[in-house]
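Engineer: Got a structure for you, written out below as structure tokens; questions coming shortly.
The values are calculated or read from the model by the stated rules, or taken from the named source; none is laboratory data. The model shown is predicted, which means the values in this text are computed figures rather than measured ones. Because the Cβ atoms are built from the backbone with ideal geometry, glycine has one as well, and the counts that use them run over all protein chains shown. SASA here: full protein model, heavy atoms, side chains in, ligands and nucleic acids out. Shrake-Rupley method; radii C 1.70, N 1.55, O 1.52, S 1.80 Å.
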Amino acid sequence: KAFNRLDMAVWRVILTLSAPLLPTSGVVGVDASGFDRSHASKHYTKRAELTIQQLKVTLLVDAKVNTILDLHVTTTRKHDSQIAPSLIKRNPESIDILLGDKGYDDQKIRRLARQHEVRPLIKHREFTPLHKAWNARLDTDLYGQRSQSETVNSTLKRKYGAFVRSRRWWKQLRELTIACLVHNLDRSL
């Protein structure tokens with residue numbers, strides 16, 4: 001019933017307030033992962049011709065202390081490059097350096113990050129020798145911190161389950177936000 005009382009904006013503010021409990025570094029990784037929607041049986045999804053069986057959760061994670069700064073949850077199969085701009089726009093003050101894998105290789109993301117005075121450290125997909133040269137110039141030690149966002153995705157799934165229990169999609173969003181909030185509180189203790 002608490003999910004019904006509080007709007008998603010309130011849960012997002014609470015998550016944002018939990019992030020400063022640890023000293024963040026400004027080096028932030030972005031990564032997506034899938035969470036199962038366990039309430040639907042395989043038979044039902046096949047009979048009803050449902051193709052969406054997972055929620056795509058994109059996390060914005062501080063690489064130093066593994067704090068979740070923000071999340072984006074979608075039921076559609078949006079590409080990573082379509083999700084990242086909204087995370088950058090919502091959190092420009094928390095990000096100094098943005099780390100992302102080749103899924104976030106998009107000039108629009110790089111341009112938006114620079115407009116918000118964020119240094120994008122995103123590998124290029126290698127189509128030309130110029131892309132290979134750009135990738136060779138990346139700071140490998142700093143780019144290696146990107147794996148911390150994958151670590152947080154793994155930790156969330158191991159500790160709190162790789163699925164959501166709620167039946168309604170809007171409750172599933174809140175459930176994942178609360179899991180991120182609990183993760184931040186657990187890290188601060």
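Engineer: Applying the Karplus parametrisation 6.51 cos²θ - 1.76 cosθ + 1.60 with θ = phi - 60° to the phi angles of the range 93-103, what ³J(HN,Hα) value in whole Hz is obtained for each residue in order, glycine and proline being reported as x?
Structural biologist: 6, 8, 10, 9, 10, 9, 9, x, 7, 5, x
Engineer: What does the charge count around N135 come to, taking other residues whose C-beta lies under 12 Å from its C-beta (Lys +1, Arg +1, Asp -1, Glu -1)?
Structural biologist: It works out to a net charge of +1.
Engineer: To the nearest 20 debye, what is the magnitude of the charge dipole of the chain about its Cα centre, counting +1 on the Cβ of each Lys and Arg and -1 on the Cβ of each Asp and Glu?
Structural biologist: Details: 33 positive and 19 negative charges, 179 e Å.
That gives the chain a dipole magnitude of about 860 debye.
Engineer: Students often get this wrong, so try it: which of (1) 128; (2) 227; (3) 160 is volume of the Cα convex hull per residue in Å³ as calculated from the structure shown?
Structural biologist: (1)
Engineer: Tell me the label-point distance for the pair T75, E117, using the 7 Å Cα-to-Cβ offset, in nm and rounded to one decimal.
Structural biologist: So the two model labels end up 4.0 nm from each other.
Engineer: How much length would be gained if the chain were fully extended between Q107 and L185, taking 0.36 nm per residue of separation minus their Cα-Cα distance, in nm to one decimal?
Structural biologist: Extending this stretch completely gives an extra 24.6 nm.
Engineer: Considering lysine pairs in the range 123-181 that are 8 or more places apart or on different chains, how many have Cα atoms under 28 Å apart? Spell out each step's value before the answer.
Structural biologist: Working: K123/K132; K123/K157; K157/K171; K159/K171.
The result is 4.
Engineer: In the chain, if the dipole is taken from +1 on Lys/Arg beta carbons and -1 on Asp/Glu beta carbons about the Cα centre, which of L98, T76, T177 is farthest to the positive end?
Structural biologist: Result: T76, furthest along the dipole toward the positive end.
Engineer: Here is a follow-up. Just to be sure I understand the model, the point goes 7 Å from the Cα along the line to the Cβ. What's the resulting H131 to S86 distance in nm?
Structural biologist: 2.7 nm
Engineer: Distance in nm between label sites at L17 and D36, each 7 Å beyond Cα in the beta-carbon direction?
Structural biologist: The answer from the label model is 3.5 nm.
Engineer: Hey, another quick one. What FRET efficiency comes out for D141 versus R47 if R0 is 45 angstrom and r is the Cβ-Cβ distance? Round to the nearest 0.05. It would help to have the intermediate numbers written out before the result.
Structural biologist: Working: r = 51 Å, r/R0 = 1.14.
With R0 = 45 Å, the Cβ-Cβ based efficiency is 0.30.
Engineer: Roughly to the nearest percent, how much of the accessible area of the chain is carbon and sulfur, given a 1.4 Å probe?
Structural biologist: Roughly 52 percent, rounded to a whole number.
Engineer: DSSP loop (so not H, G, I, E, B), at most 13 other Cβ within 10 Å: list which trypsin sites (Lys or Arg not before Pro) in the range 111-154 pass both filters.
Structural biologist: R125, R137
Engineer: Among S18, L138, V164, which residue has its Cα furthest toward the positive end of the charge dipole of the chain, with +1 on Lys/Arg Cβ and -1 on Asp/Glu Cβ?
Structural biologist: V164
Engineer: For the range 83-186, what is the Kirkwood estimate of the hydrodynamic radius, computed as the reciprocal of the mean inverse distance between distinct Cα atoms, to one decimal in Å?
Structural biologist: Answer for the range 83-186: a Kirkwood hydrodynamic radius of 15.8 Å.
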